[in-house]
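Worksheet for the structure shown next.
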Amino acid sequence: FCNGAFHGGIFAWLGLLLIRRYHLHDAGIGLALAGYGLPGLFFGATIGRWGDRYGRRYVVPFGFLWAAGCAFLLLPHSPRFIASLVITALSAGFDATHPLMSSIKTSLDPKHRGQITGFATFANFIGMGAGALFFQHLIAFGFSTALAIFASVQTLLGFAALYEFRRERPSRVRSAELTTA
């Protein structure tokens with residue numbers, strides 16, 4: 001829910017940020033946001049292998065902290081090209097967290113994987129909608145304030161993930177499968 005709220009909240013309002021800060025129109029906004037899915041497309045398999053090799057212990061907190069760092073980088077007014085690169089990099093935080101958090105859900109109870117996955121998907125999308133609504137209300141205080149609050153909460157989530165996953169290790173069976181594959 002929280003990860004969905006962060007990404008849904010920021011991404012839903014990036015178009016308005018690009019209009020107000022950079023005076024972009026439809027095509028410019030589309031080009032600036034086009035990179036959002038590229039890290040997952042090009043590095044998704046690599047991120048997955050990191051998760052398999054090192055476990056979620058490092059990759060999920062890194063994803064939270066990476067996304068928070070990108071949101072903090074959007075705070076100052078920077079050149080359009082830099083902002084577009086930061087927006088592209090922001091999606092790598094989602095790519096490093098969402099699929100690996102899905103694997104947590106599917107490893108909980110083999111009998112109820114479908115229900116667990118369905119509930120988690122529901123929570124993620126409700127989080128995205130709630131995040132967009134919450135961000136909308138924070139924009140009244142300015143984009144910088146809204147981004148700072150969202151980035152700060154995401155940073156706290158990153159540290160909470162470091163704490164929660166501190167004992168997790170990749171399973172030896174899974175690691176052996178990867179080396180033979």
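The values are calculated or read from the model by the stated rules, or taken from the named source; none is laboratory data. In this text the structure is predicted, and so the values were computed from the model without any measurement. Cβ atoms come from the backbone with ideal geometry, glycine included; neighbour counts cover every protein chain shown. The protein model used for the area step is the full one, side chains on, heavy atoms only, and it has no ligands, DNA or RNA in it. Shrake-Rupley method; radii C 1.70, N 1.55, O 1.52, S 1.80 Å.
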With unit charges on the beta carbons (Lys and Arg positive, Asp and Glu negative) and the dipole taken about the Cα centre of the chain, which residue among F64, M128, F141 sits farthest to the positive side? F64
Cut-off 10 angstrom, C-alpha nodes, Gaussian network model of the chain. Which of A140, A32, A71 fluctuates the most? A140
Given 10 Å bins starting at zero, what is the percent of C-alpha pairs of the stretch 1-97 in each, up to the one with the largest pair distance? 16, 47, 28, 8, 1
Of F122, F143, F135, which has the largest mean-square fluctuation in a 10 Å C-alpha GNM of the chain? F122
Run the simple label-point estimate for Y22 and R53 please: 7 Å along Cα→C-beta, distance reported in nm. 3.3 nm
Quick one, could you list the DSSP H helices from the chain stretching 30 Å or more along their long axis (Cα atoms) with average Kyte-Doolittle hydropathy of -0.5 or above? 80-106, 113-138, 143-164
Would you list W66, W13 from the most to the least accessible area, probe 1.4 Å? W66, W13
Simple spin-label estimate for I149 and R80 in nanometres, 7 Å along Cα-Cβ: 3.0 nm
Dividing the helical contributions, -39500 (n - 2.57) per DSSP H run of n ≥ 4, by the residues of the chain yields a 222 nm value, nearest 500 deg cm²/dmol, of -28000 deg cm²/dmol
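With charges only on Cβ, +1 for K and R and -1 for D and E, what is the dipole size of the chain about its Cα centre, in debye, rounded to 20? All intermediate terms of the calculation are to be shown ahead of the outcome.
On the way: 15 positive and 7 negative charges, 92 e Å.
The calculated dipole for the chain is roughly 440 debye.
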